[in-house]
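J.: The structure that follows is given in the form of structure tokens.
Quick note: the coordinates plus some simple rules give every number you see, no bench work behind them. None of the values given here were measured: they were computed from a predicted structure. Methodologically, a virtual Cβ is constructed for each residue, glycine included, from the backbone with ideal geometry; neighbour enumeration extends over all protein chains shown.
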Amino acid sequence: MEKKEQKKYSATGRRKESVARVKLIPEATGAMKVNGKEIDSYFTTVDSRNQAKRPLIATELDKKVDVEAKVTGGGLSGQAGSISLGIARCLIDWRPELKAVLKEQSFLTRDPRAKERKKYGRKGARKRFQWTKR
């Protein structure tokens with residue numbers, strides 16, 4: 001017998017300095033892997049796990065699709081946000097009718113906030129050196 005090839009949907013998500021390449025496998029068990037590890041062992045905080053899963057929970061598909069993500073750069077918070085955007089984009093490729101639900105909760109908007117650059121004559125981006133009178 002031939003093995004039926006399962007369709008995979010892929011998309012890219014970005015947040016701060018991190019980039020996530022996400023693959024979504026429909027009609028599956030609900031497993032979620034990040035860089036080859038289970039999501040619970042990769043993200044140590046509950047907030048990061050929930051951030052990454054938010055689009056699936058909003059569309060009630062968290063137990064019906066598998067997600068594989070490869071994430072590079074940034075910290076755990078930025079990586080969770082980039083996975084979230086990648087999942088939302090994959091869901092639209094798979095089922096375009098979900099776009100209204102995802103857009104309403106702003107899962108399709110890339111968060112533009114990034115670290116501000118350090119300026120010369122300053123300690124950081126905005127902090128100044130202490131002024132002394134004498």
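J.: Within 10 Å of each residue's Cβ, count the other Cβ atoms and sort Tyr42, Tyr120, Tyr9 from fewest upward. Write down the numbers at each step before the final one.
T.: On the way: Tyr42 21, Tyr120 4, Tyr9 18.
Ordered by Cβ neighbours within 10 Å, fewest first: Tyr120, Tyr9, Tyr42.
J.: What is the sum of charges, Lys and Arg at +1 and Asp and Glu at -1, for the other residues whose Cβ falls under 12 Å from the Cβ of Ala80? Show your work: numbers first, answer last.
T.: Numbers: positive: Arg15, Lys16, Arg49, Lys53, Arg54; negative: Asp47, Asp111.
Counting the neighbours of Ala80, the net charge comes to +3.
J.: Would you give the gap between the C-alpha center of region 21-87 and the C-alpha center of region 106-134, rounded to a whole Å?
T.: Cα centres, region 21-87 to region 106-134: 30 Å.
J.: What's the angle, to the nearest 10 degrees (0 to 90), between helix 46-58's Cα axis and the longest principal axis of the chain?
T.: 50 degrees
J.: Another question, if that's okay. Determine, for Val71, Val19, Val46, the number of other Cβ atoms within 10 Å of each Cβ, and report the residues in order from fewest to most.
T.: Working: Val71 22, Val19 18, Val46 9.
Ascending number of Cβ neighbours within 10 Å: Val46, Val19, Val71.
J.: In percent, how large is the relative contact order of region 9-104, given Cα pairs closer than 8 Å and 6 or more residues apart? List each step's numbers first, then the result.
T.: Values: 190 pairs, mean separation 41.5, N = 96.
Relative CO of region 9-104 lands at 43 percent.
J.: At a 10 Å Cβ-Cβ cut-off, how would you order Ser18, Ser77, Ser82, fewest neighbours first? Don't skip to the answer; put the middle values down first.
T.: Numbers: Ser18 20, Ser77 16, Ser82 29.
With the sparsest Cβ surroundings first, the list reads Ser77, Ser18, Ser82.
J.: Another one. Work out, step by step, the length gained on full extension between Arg134 and Ala31: first 0.36 nm times the residue separation, then minus their alpha carbon distance; give nm to one decimal. Please report the intermediate quantities before stating the final value.
T.: Numbers: separation 103, 0.36 × 103 = 37.08 nm, distance 6.41 nm.
Once the chain is fully extended between Arg134 and Ala31, it gains 30.7 nm.
J.: Another question, if that's okay. Enumerate the residues in region 37-71 having an amide nitrogen under 13 Å from the point lying 7 Å beyond the Cα of Ser10 toward its Cβ.
T.: 68-71
J.: If each residue of separation counts as 0.36 nm, what is the full-extension length gain between Lys103 and Arg126 once their alpha-carbon separation is subtracted?
T.: On the way: separation 23, 0.36 × 23 = 8.28 nm, distance 3.43 nm.
Using 0.36 nm per residue and subtracting the Cα-Cα distance, I get 4.9 nm.
J.: Something else about it: About the Cα centre of region 1-63, what is the dipole size in debye to 20, counting +1 per Lys and Arg Cβ and -1 per Asp and Glu Cβ, all else neutral? All intermediate terms of the calculation are to be shown ahead of the outcome.
T.: Details: 15 positive and 9 negative charges, 52 e Å.
Magnitude of the dipole: close to 260 debye.
J.: Helix 76-94 versus the longest principal axis of the chain: what is the Cα-based angle in degrees, 0 to 90, to the nearest 10?
T.: 40 degrees
J.: Number of Lys pairs in region 69-134 with C-alpha atoms less than 30 angstrom apart, excluding same-chain neighbours closer than eight positions?
T.: 13
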